[in-house]
Amino acid sequence: MLDNIPILSLLVFSPIVGILALLFIRSENGRLLRIVGTAGTALPLLLAIWLFSGFDFGGGRQFAEQALWVHLPLPTEFVPGGVQYYLELGYSLSVDGISLALVFLTALISTMAALASFSHIKKRWKAFYIWFLVMEIGMLGVFTAQDLFLFFIFFEMTLVPLFFLIGIWGYKEREKTANKFLIYNGIGSAFMLLAFIMMITTGGFEIRETADSADYVYTSSMETIMHNMVSVDSYVNSAAYAQSPFHLDEGTLVLIFFLLLLAFGIKLPIFPFHTWMLKVHTEAAPSVVMLHSGILLKIGAYGLIRFGMQFFPEQIETYALLIAVLGVINVLYGAVLALVQSDFKLVLAYSSISHMGIVLLGIASLSEIGVKGAIFQMVSHGFISALMFLLVGSFYERTETTALEKLGGLAKSMPFMSSILLTAGLALLGLPGLSGFISEFLAFVGLFDTRPVLTVLGVLGLILASAYVLRSVLRITYGPMDARFAEVKDARLIEAIPMIILVTFIVLIGIYPAVLSETIGTAVTDIINGIGG
């Protein structure tokens, strides 16, 4: 039924409905703005569920939408030889199992974060929800784009809204944090743009023969570029390559690979490009951090899998050890620093660095089970971190602090939220039966066959995770309680609903991992077969 409907375009751009509705509401009507803003995230969630229900889990990329967007003749002085060359940029969307899982994650957490904003955001609701929905369009577009230029546009669409969401609705150092975020991610975007230009000019060239002529085209189509870059030997011997003034060789492939590693490494983030992320986690509003930690960090991991593994199978094999070492550094560095923090938000920030290291280890395994573990970790950590920062915002609203030494005994006055915090903490440290366990287990099992020493070092990070999670959670929920917190209220319904929903998915993946494994299975197999080939 979905084959005849542009479901992906409807999904990606559906937040526009909410944006248009918000424009016609008075800025003073805060309650209505919050209701409409949240409703604007419900439509893409419903479409994501519909998309999931119609997906063929045994198939490859599905629901493809393609249209020629830009067809420009290049100046003849730009490409010498007296032949007219063209640049083509396409509008191309599709999803495989990996994209589908991340699209659903994005839609669900966006709705949960919008609900959280009822309590966390106190001013300029219209502008907040408009920027919020613009960023959701960018996030959904990143995971569905099949054209390099389109991917880059959607990627940039996530940066500008987040800059304003941090700079206007954050805490004391919000403007400094927003600037630092933009500088780091702007540098990453520059690396990505340079890599994409090189990919288009070297791997995106093709000759399209017609009955009486031939078009010489540089295309930004991911399918075309990936085919040429993966099959570089046959491409070098092709007629198209002979006519191209820009050549594709091993040195060029390695350079592009490292440019993309830097671009997505900053986004992930990989140590030492992580300092901007710490500031965002501590200075942005909790509902904004739910999106940042739950979804935006995963764009970096998604880029490494989608581009690093699919476009550069030989290079990923050559530099898998480097990626594994970076992963171990992330795991241990984040865990050790989380263990000594006195602010709960910083504990979670360093924990995110550590858990993103597990994603790197799964990628570096170059095995089907390890890459599945990396994707499980992306989805699992998305749910867990979103839940954690939802709790952070709720606790902060009542206590006006996230300092561990000032919190304590909250289980007496807030038993529901304390039980949710304990559940989220157990998932974060990898308790069997919750989503954190299966993701970590798969990633480390996948890596162990080829790199047992690095696996053992990485597992030390899990031991430290138990220490910093239990230290923080028990310090907040038990022990002596400040008299000021004796009368604070437990979660309201608007807070309890997203908490319960996020816990449900954390438990679902933990006890029935097949729901995610079957979704991503075919896509992961195709990636690994491409590397093996």
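The values are calculated or read from the model by the stated rules, or taken from the named source; none is laboratory data. Just so it is clear, the structure is predicted and the values come from calculations on it, not from any experiment. For neighbour counting, all protein chains shown are included, and Cβ atoms are generated from backbone atoms with ideal geometry for every residue, glycine included. Heads up: the accessible areas ignore ligands, DNA and RNA and are worked out on the full protein's heavy atoms, side chains in. Shrake-Rupley method; radii C 1.70, N 1.55, O 1.52, S 1.80 Å.
Scanning region 473-500 for residues that are crowded, with 17+ Cβ neighbours inside 10 Å and either over 16 Å from Pro415 (Cα atoms) or at pLDDT 95 or above (or both) yields Pro498, Met499.
Take the conditions (1) of a type in the set (Phe, Trp, Tyr); (2) under 27 Å from Gly204 (Cα atoms); (3) in contact (Cβ under 8 Å) with a residue 60 or more places away in the chain; (4) open to solvent by 10 Å² or more (accessible area, probe 1.4 Å); Tyr171 misses just one of them, which is (2). Taking helices (runs of 4 or more DSSP H) that fall entirely within region 147-250, which contain at least 3 residues that are within 22 Å of Glu283 (Cβ to Cβ)? The helices (runs of 4 or more DSSP H) meeting that bar are 148-169, 174-203. When Met112 is tested against (1) at pLDDT below 95; (2) under 24 Å from Gly300 (Cα atoms), only condition (1) is not met. Only residues that are open to solvent by less than 30 Å² (accessible area, probe 1.4 Å) and in a loop (DSSP other than H, G, I, E, B): list them for region 434-452, please. Once the filter is applied, which keeps residues that are open to solvent by less than 30 Å² (accessible area, probe 1.4 Å) and in a loop (DSSP other than H, G, I, E, B), region 434-452 yields only Leu434.
Going through region 267-279 one residue at a time, which ones are assigned to a helix (DSSP H, G or I) and open to solvent by 10 Å² or more (accessible area, probe 1.4 Å)? Thr275, Leu278, Lys279 - these are the residues of region 267-279 that are assigned to a helix (DSSP H, G or I) and open to solvent by 10 Å² or more (accessible area, probe 1.4 Å).
Just so you know, in region 501-528 the residues that are in contact with a helix residue (DSSP H, G or I) (Cβ under 9 Å, 6 or more places away or on another chain) and among the polar types (S, T, N, Q) include one that is least open to solvent (accessible area, probe 1.4 Å), and it is Thr519. Taking (1) part of a strand (DSSP E or B); (2) more than 19 Å from the chain's Cα centre (by Cα); (3) surrounded by fewer than 20 Cβ atoms within 10 Å (Cβ to Cβ) in turn, Phe63 satisfies each apart from (3).
Just one of the numbered conditions (1) more than 30 Å from Thr318 (Cβ to Cβ); (2) in contact with an Asp or Glu (Cβ under 7 Å, 6 or more places away or on another chain); (3) open to solvent by 10 Å² or more (accessible area, probe 1.4 Å) is not true of Leu337: (2). Any residue in region 458-471 that is over 30 Å from Leu322 (Cα atoms) and touching a Leu at 6+ places or on another chain (Cβ under 9 Å)? Yes, that holds for at least one residue. Taken over region 231-252, the criterion of being open to solvent by 60 Å² or more (accessible area, probe 1.4 Å), within 16 Å of Phe312 (Cβ to Cβ) and in contact with a helix residue (DSSP H, G or I) (Cβ under 9 Å, 6 or more places away or on another chain) is satisfied by Asp249, Glu250.
In the condition set (1) over 26 Å from the mean Cα position of the chain (by Cα); (2) of a type in the set (Ser, Thr, Tyr); (3) at pLDDT 95 or above, Thr504 is compliant with all but (1).
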